[in-house]
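Student: This is the structure I have questions about; it appears just below.
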């Protein structure tokens, strides 16, 4: 009697999940690329007032509209020249500028008009309230980051598409999480269903065959 072990094909299931997550990630990246709004120029209109020229038209940004400034320093992959990348969060969306952009000088002028000390992270907050509540700098950064989270879309994005951008980003994070868990299951051996042991049946077959041999030997 031959009894086959029945178990769930772990490699097949996890492989299908990983491929599905990769497909979702690719589609989300393409969607974000299509929904992204590029900034072509930044112009100084008046003292403290700037106009950001986007693909969807000009948008005026004043110093009072700025909520957070992030500065990062990195190196270009090919030339090795230091490149500064800055992100300005406003109540109309964020502005991403790089030292390679032709309008970087004007954008950097906007940053320096708010952040005089050149901090890696500048946040708009009430210093008196932060001092009275004895709030640490890390807590203040986290609180401010949650405050600007609703404006984490490119400036110039229509309000109707902003929710779609957040949905695509959430879908991308979900696919990354599920795909990572599927890879862990694929890498580390983990049986989903316990196989049925066939040893007792094999022992019974061996005992039956040995008894037949004994009977045959006696008959001879």
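Student: Name the residues in the stretch 107-122 that are over 28 Å from the mean Cα position of the chain (by Cα) and closer than 15 Å to residue 96 by Cβ, would you?
Tutor: Correct list: 110 only.
Student: Considering each residue of the stretch 31-82, count those that are more than 23 Å from the chain's Cα centre (by Cα) and over 30 Å from residue 164 (Cα atoms), and give that number.
Tutor: Summing the residues that are more than 23 Å from the chain's Cα centre (by Cα) and over 30 Å from residue 164 (Cα atoms) in the stretch 31-82 gives 10.
Student: Regarding the stretch 82-90, can at least one residue be identified that is touching a strand residue (DSSP E or B) at 6+ places or on another chain (Cβ under 8 Å), assigned by TED's automatic domain parsing to the domain that holds residue 47, part of a loop (DSSP other than H, G, I, E, B) and modelled with pLDDT under 90?
Tutor: If we filter the stretch 82-90 for residues that are touching a strand residue (DSSP E or B) at 6+ places or on another chain (Cβ under 8 Å), which is where we start, we get 82-90.
Checking the rest, the ones that are also assigned by TED's automatic domain parsing to the domain that holds residue 47 come to 82-90.
Pick out the ones that are also part of a loop (DSSP other than H, G, I, E, B) and you get none.
Checking the stretch 82-90: not a single residue is touching a strand residue (DSSP E or B) at 6+ places or on another chain (Cβ under 8 Å), assigned by TED's automatic domain parsing to the domain that holds residue 47, part of a loop (DSSP other than H, G, I, E, B) and modelled with pLDDT under 90.
Student: Same structure again: Please specify each residue of the stretch 143-163 satisfying the condition of being within 17 Å of the chain's Cα centre (by Cα) and exposed (fewer than 15 other Cβ atoms within 10 Å of the Cβ).
Tutor: Matches in the stretch 143-163: 146, 149, 150, 163.
Student: Quick check: anything in the stretch 47-55 in contact (Cβ under 8 Å) with a residue 40 or more places away in the chain and part of a helix (DSSP H, G or I)? Please lay out each step first, then the result.
Tutor: Taking the stretch 47-55 first, the residues in contact (Cβ under 8 Å) with a residue 40 or more places away in the chain are 48, 50, 52, 54-55.
The next check asks that each one be part of a helix (DSSP H, G or I); those that pass are none.
No, there is no match, as no residue in the stretch 47-55 is in contact (Cβ under 8 Å) with a residue 40 or more places away in the chain and part of a helix (DSSP H, G or I).
Student: Considering only the stretch 97-118, how many residues are over 13 Å from residue 66 (Cα atoms) and outside any helix (DSSP H, G or I)?
Tutor: The total comes to 10.
The values are calculated or read from the model by the stated rules, or taken from the named source; none is laboratory data. As the structure is a prediction and not an experimental result, all values here were calculated from the model. Backbone-built Cβ (ideal geometry, glycine too); neighbour counts: all protein chains shown.
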